[in-house]
């Protein structure tokens with residue numbers, strides 16, 4: 001029974017319409033995850049001390065983007081008045097960007113199955129812009145992920161998963177709490 | 001262990017051996033080129049190495065269009081633009097870079113300006129942003145360490161913005177690398193030792209990097225074999241042609257290895273030590289190597305242990321941790337021997353680094369891209385800890 005089902009699924013998977021549908025699903029999924037990440041950047045940048053400290057060193061107006069090539073979803077953000085603000089979807093002339101080569105390359109990273117460093121090691125990501133800026137963005141991303149993902153995911157995706165104390169766990173809860181309204185605001189096109 | 005996915009690429013034709021230099025005009029003919037722009041520095045010209053190259057063109061239809069010998073120790077955008085303008089003006093159709101990393105990177109930089117027709121090199125920074133085909137480039141290294149003759153990287157200093165620009169692209173691979181022992185035999189013992197340790201660091205870091213793959217491992221291991229066999233010999237007796245050729249090959253193998261699997265914390269710290277305290281790159285790598293290996297020991301025990309037999313250690317009766325410890329102690333022995341033979345520093349303080357500069361070095365190092373490929377996370381405190389130990 002199981003074998004027959006698998007056979008049917010395999011046959012379906014090869015159909016052109018199925019490939020198109022699956023690709024559309026992946027695009028939508030990544031688009032949503034990137035929007036969540038954009039909201040998480042905005043929220044954590046105002047609440048998490050490690051991230052505040054990191055972006056305090058960035059110059060005003062620095063833009064950065066995360067996205068998928070060749071025409072996949074992307075988000076651009078900017079550092080403004082000591083905070084991170086979501087500029088919108090697409091690549092809006094970012095100073096530094098992390099771009100995945102294709103949807104499949106991005107999927108495990110944005111599903112919490114693979115760390116960004118492993119994606120880089122497997123040549124899934126391109127880094128555009130200054131390497132020094134990219135390193136700073138990478139540290140900011142780690143801070144965001146720390147407060148966005150649960151511990152078991154962090155163990156899988158970070159080289160050295162952080163041990164969060166009581167205060168940091170409370171902060172994590174506050175970040176989750178603030179994330180929902182932030183998502184609604186970004187979803188309705190509102191700005192910070 | 002086989003990685004889930006890996007890429008490996010090295011399109012460089014390699015000519016290695018006595019009088020390999022004599023084949024350059026023929027290689028130019030194969031590339032369909034007739035007039036070369038030679039890129040080098042004054043030291044290389046004064047050592048008579050460019051004259052050797054010129055003599056290779058005596059009975060050839062190909063010619064040297066112009067010799068540009070103004071390459072400074074750190075390649076800059078001003079020099080790169082000047083070279084690009086001269087290349088066009090003199091009607092050259094290919095580059096021959098003769099020298100160390102700076103000459104090679106300057107030629108790569110000018111090649112980007114010419115081929116990409118971009119006014120602003122800053123726009124092309126990063127990985128795989130160069131799309132135009134380059135003018136063919138032939139590289140004749142005169143040091144045995146950087147491996148730039150087989151890498152896809154160029155680093156150019158931007159004088160106006162005071163930043164180092166890194167360019168990474170498959171288009172930056174030279175077409176031909178020429179390893180001729182005559183071209184490295186004028187290197188003084190201390191530089192021979194430092195550049196040799198640079199090659200060893202490239203290989204060892206490539207072997208423990210998170211991007212390591214079976215092919216880069218082969219090149220890394222063979223580098224370690226060759227360094228063990230030839231580095232002391234080449235440092236003690238610069239006229240030992242076999243040792244010189246062995247080290248030139250070691251540097252090339254290491255270049256292939258790290259170009260495909262990258263480096264890690266040792267290079268990040270060495271780059272920063274060079275930027276803050278002006279310690280030569282090879283010397284900084286050499287003295288930081290054992291401390292960097294020790295830092296990575298708990299996550300890369302197996303890989304570090306595997307290197308011990310290539311450094312001349314035995315494999316019997318040792319557990320993994322002891323075997324890895326043996327590798328590190330063999331590196332320290334090599335460093336001590338090189339110190340006795342050539343005066344290569346073994347501590348940061350002996351290399352002229354001031355203790356109060358260590359936090360600056362650590363702060364610079366944590367923004368180095370090499371850290372992304374290090375097997376263990378490196379924070380500012382971790383970097384400072386390694387530096388303090390190496391001090």
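The values are calculated or read from the model by the stated rules, or taken from the named source; none is laboratory data. Note that the coordinates shown come from a computational prediction; the quantities given were computed from them, not determined experimentally. Every residue, glycine among them, receives a Cβ derived from its backbone with ideal geometry; neighbour counts consider all protein chains shown.
Observations, loosely collected:
- Any hit, the range B:298-317, residues being assigned by TED's automatic domain parsing to the domain that holds residue B:386, part of a helix (DSSP H, G or I) and closer than 14 Å to residue B:383 by Cα: no
- Lone qualifier among B:357, B:389 - being away from every other protein chain (no Cβ under 14 Å), part of a helix (DSSP H, G or I), at pLDDT 95 or above and within 28 Å of residue A:137 (Cβ to Cβ): B:357
- Criterion: part of a loop (DSSP other than H, G, I, E, B) and buried (at least 17 other Cβ atoms within 10 Å of the Cβ) - qualifying residue of B:130, B:156: B:130
- Check on residue B:359, in contact (Cβ under 8 Å) with a residue 24 or more places away in the chain, in the same structural domain as residue B:271 (by TED's automatic domain parsing) and over 26 Å from residue B:209 (Cβ atoms): yes
- Within the range A:111-137, being buried (at least 22 other Cβ atoms within 10 Å of the Cβ) and more than 10 Å from chain B (Cβ to nearest Cβ) holds for one residue alone: A:137.
- Among the residues of the range A:23-51, those identified as free of Cβ contacts under 8 Å to residues at least 60 places away in the same chain and out of contact with any strand residue (DSSP E or B) (no Cβ under 9 Å at 6 or more places or on another chain) are A:24, A:25, A:28, A:32, A:49.
- When the residues of the range B:367-384 are filtered to those that are more than 7 Å from chain A (Cβ to nearest Cβ) and more than 19 Å from the chain's Cα centre (by Cα), the one that is surrounded by the fewest Cβ atoms within 10 Å (Cβ to Cβ) is B:381.
- Top-ranked residue in the range A:138-155 [being more than 14 Å from every other protein chain (Cβ to nearest Cβ) and farther than 17 Å from residue A:53 by Cβ; ranked as surrounded by the most Cβ atoms within 10 Å (Cβ to Cβ)]: A:148
- Annotation note: of A:77, A:91, the sole residue that is under 18 Å from residue A:134 (Cα atoms), in contact with a strand residue (DSSP E or B) (Cβ under 6 Å, 6 or more places away or on another chain), modelled with pLDDT under 95 and not in a helix (DSSP H, G or I) is A:91.
- The residues of the range A:40-72 that are buried (at least 23 other Cβ atoms within 10 Å of the Cβ) and more than 14 Å from residue A:143 (Cα to Cα), listed by number, are A:64, A:65, A:66, A:68.
- Residue within the range A:34-57 that is more than 24 Å from residue A:178 (Cα to Cα) and modelled with pLDDT under 95 present: yes
- Counted residues, the range B:318-349 - those being touching a helix residue (DSSP H, G or I) at 6+ places or on another chain (Cβ under 8 Å), part of a helix (DSSP H, G or I) and closer than 21 Å to residue B:274 by Cβ: 5
- One residue from A:167, A:85 being away from chain B (no Cβ under 14 Å), over 21 Å from residue B:372 (Cβ atoms), surrounded by fewer than 19 Cβ atoms within 10 Å (Cβ to Cβ) and in contact with a strand residue (DSSP E or B) (Cβ under 9 Å, 6 or more places away or on another chain): A:85
- In this structure, residue B:352 does not satisfy being closer than 30 Å to residue B:154 by Cβ, within 14 Å of chain A (Cβ to nearest Cβ) and touching a residue at least 24 places away in the same chain (Cβ under 8 Å).
- No other residue among B:212, B:239, B:171 is surrounded by fewer than 24 Cβ atoms within 10 Å (Cβ to Cβ) and not in a helix (DSSP H, G or I) apart from B:239.
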